[in-house]
Amino acid sequence: MLRLENITKRFSNGTLALETINLEVAPQTIVSIVGASGSGKSTLLRMISGLEVPSTGQLSWNGQPIQRSQRKISFIFQEPRLMPWLKVSHNVRLGLGPSPDREDEKLVTEAIAKVGLERFAHALPRELSGGMAQRVAIARALVARPSLVLLDEPFSALDAFNRLKLQNHLLKIWAIDRTTLLVVTHDVEEALVFSDRVIVLTGQPGRISEDFFISLPRPRRRTDPEFQAWKQAILDAFDPSLLNESETLGEKSYASGH
Amino acid sequence: MGTSANKRTIGFSAGFPEENEALPFAEHSKRSVFRVHNTLGWITPAILIAGWELTARARLVDSSLFSSPAQIAAELWKITLNGELLSHLEATSLRVLAGFAIGVSAATVLGALTGYSGTARRLLDPLLQSLRSIPSMAWVPLFLLWLGIGESSKISLIALGAFFPVYLNLMNGVRNVDRKLVEAGLANGFRGFALAKAVILPASLPAYLTGLRQGLSVGWMFVVAAEIMGASRGLGYLLIDGQATGRPAIMMSSVILFAICGKLSDGVIATLSERWLYWQDVYRT
């Protein structure tokens, strides 16, 4: 269980990014955090991963305070962030931390197979397409068999085709592993395809304004009227000013995150 | 035709299209391309030497001041046969090698330290930067005073020259490592020395190798200053000896040998750079 109690984040320049965040994430669930740019959703994820320190409040994972990055929590960034000098297999091995055991080697092979890149285990990052590189990043995040995976807009840098493919791929992996996933996205549809819960962060500083428990059965079809109704409900939870803007621009483009 | 068009459509929708593509390796013609590159590099010097020889033979320049390539070659052949050349080359190369090794060792430690630690940088970098602006010749009398006229002063001067480019490049290389890669390391539990080894040092390797190349070329420049300040062997000595005895062919031989030695040693680091930085995703012409 991931627990956030009264989390506040103020940056060194005085900007208050997040205010009084209280959240509990149950194991083996997928929870998405949606919100506009600047609502502090990425900052929230970075604090859970240990990359940033909260100004106030407590973060805990299974009752233990989270201080620094730990092997049971892994992170998938917006970009693959692969080490360009390492082959795919060595990049994946980084997910095992600085001192992996000898027997962990088979975990690397398994993780690469899980994302379907066996043929590219010896390729360099520069030889991969964007979608493949992001799959390597997913393998790196899953290799240590984490209990919690944090995903910071993991598919936003990909084209629409690869985004859909990777979303389905991750859902398939999740259906087997049942790892807890906490996904930050600005794409409401993506959040709905994935999540058991969708949390809406609004305002500056960001606060949790809504918490939706999504009762839709999986697999979810984007064209279902019920799916669309959920999408509308989530969009309605955004700042009214943003909603007005989205109406002007055309809601579809806003909802897909562009 | 119809079948192949069909196949393409099915192939596209069946999986990740890029998986069906061959790896974009272009290794096959690397060797032959390399050979052509090396050959091209000889064309300009060859034309210049030919033009220079023709100018000398047409007596357009005073050969007592400006020796022809043939005269230089004859002089070089003479000192090769009597063993003088090897002795000078050996003395100079060993000085450059020793000075470079010492300079690079110190620069590697201090560059990595000041790049990695803000406190170390604030503590050491202002002093080192101010030392960097002292002209090389200003050190000569001081080194002679402190270390005498022997090898120590010469090697120290070369070490000092090689130090700064390596130090500066490494420090900046470490400081400019992509934050996103460092975060990826941190998120996977790498910290301190493990983070430096896995992320920071490999990421700063291109800058370090640039520093090594610059440091080595400065080393070759400083060895002239070092040998001019008093030596009985070495290419710098050969230059001074040629001047004292009024033999321009010897002076020009010395200058050409410096150029060849500098180029050859730079070639070694350039080749190592190519080999170690094969992973870089850069535009190559």
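Only one of these is more than 9 Å from every other protein chain (Cβ to nearest Cβ), among the hydrophobic types (A, V, I, L, M, F, W, C) and assigned to a helix (DSSP H, G or I): A:Leu107, A:Leu158, A:Leu94. Name it. Don't jump to the end; show me each part of the working.
Values: A:Leu158 fails: assigned to a helix (DSSP H, G or I); A:Leu94 fails: more than 9 Å from every other protein chain (Cβ to nearest Cβ).
None of the others qualify; the one that does is A:Leu107.
Considering only residues that are touching a Gly at 6+ places or on another chain (Cβ under 8 Å) and not β-branched (Val, Ile, Thr), look in the range B:104-118 and name the one that is nearest to B:Leu170 (Cα to Cα).
Applying the first criterion (touching a Gly at 6+ places or on another chain (Cβ under 8 Å)) to the range B:104-118 yields B:104, B:107, B:111, B:115.
Now narrow it down to the ones that are not β-branched (Val, Ile, Thr): B:107, B:111, B:115.
Numbers: B:Ala107: 8, B:Gly111: 5, B:Gly115: 7 Å.
Selected residue: B:Gly111.
Does the range A:171-191 contain at least one residue that is touching a helix residue (DSSP H, G or I) at 6+ places or on another chain (Cβ under 9 Å), without any contact (Cβ under 8 Å) to a residue 60 or more places away in the chain and either assigned to a strand (DSSP E or B) or on the phi > 0 side of the Ramachandran plot (or both)?
no
Is there a residue in the range B:158-169 that is of a type in the set (S, T, N, Q), closer than 18 Å to B:Ile269 by Cβ, more than 14 Å from chain A (Cβ to nearest Cβ) and surrounded by 18 or more Cβ atoms within 10 Å (Cβ to Cβ)? Spell out how you get there, then give the answer.
Pass one, the range B:158-169, residues of a type in the set (S, T, N, Q): B:169.
If we keep only those that are closer than 18 Å to B:Ile269 by Cβ as well, we get B:169.
Filter once more, so that each one left must be more than 14 Å from chain A (Cβ to nearest Cβ): B:169.
From what is left, the residues that are surrounded by 18 or more Cβ atoms within 10 Å (Cβ to Cβ) are B:169.
Yes, that holds for at least one residue.
With (1) exposed (fewer than 14 other Cβ atoms within 10 Å of the Cβ); (2) more than 22 Å from the chain's Cα centre (by Cα) as the list, and B:Lys78 as the residue in question, which single condition is left unmet?
So the condition that B:Lys78 fails would be (1).
Return a yes/no flag: does the range A:134-157 have any residue that is under 24 Å from A:Lys231 (Cβ atoms) and surrounded by fewer than 20 Cβ atoms within 10 Å (Cβ to Cβ).
Checked against the condition, which is being under 24 Å from A:Lys231 (Cβ atoms) and surrounded by fewer than 20 Cβ atoms within 10 Å (Cβ to Cβ), the range A:134-157 yields at least one hit.
Exactly one condition in (1) modelled with pLDDT of 90 or more; (2) within 14 Å of A:Val143 (Cβ to Cβ); (3) more than 9 Å from chain B (Cβ to nearest Cβ) is false for A:Leu82; which is it?
It fails just one condition, (3).
Can you spot a residue in the range B:251-273 that is surrounded by fewer than 20 Cβ atoms within 10 Å (Cβ to Cβ), part of a helix (DSSP H, G or I), within 23 Å of the chain's Cα centre (by Cα) and within 14 Å of another protein chain (Cβ to nearest Cβ)?
Yes: the range B:251-273 contains one or more residues that are surrounded by fewer than 20 Cβ atoms within 10 Å (Cβ to Cβ), part of a helix (DSSP H, G or I), within 23 Å of the chain's Cα centre (by Cα) and within 14 Å of another protein chain (Cβ to nearest Cβ).
Could you tell me which numbered condition B:Phe193 fails, if it satisfies all but one of (1) aromatic (Phe, Trp, Tyr); (2) in contact (Cβ under 8 Å) with a residue 24 or more places away in the chain; (3) within 14 Å of chain A (Cβ to nearest Cβ)?
(2)
Of the conditions (1) at pLDDT 90 or above; (2) surrounded by 13 or more Cβ atoms within 10 Å (Cβ to Cβ), B:Ala225 satisfies every one except a single condition; which number is it?
(1)
The values are calculated or read from the model by the stated rules, or taken from the named source; none is laboratory data. What you see is a predicted model; the values in this text were computed from it and never measured. Backbone-built Cβ (ideal geometry, glycine too); neighbour counts: all protein chains shown.
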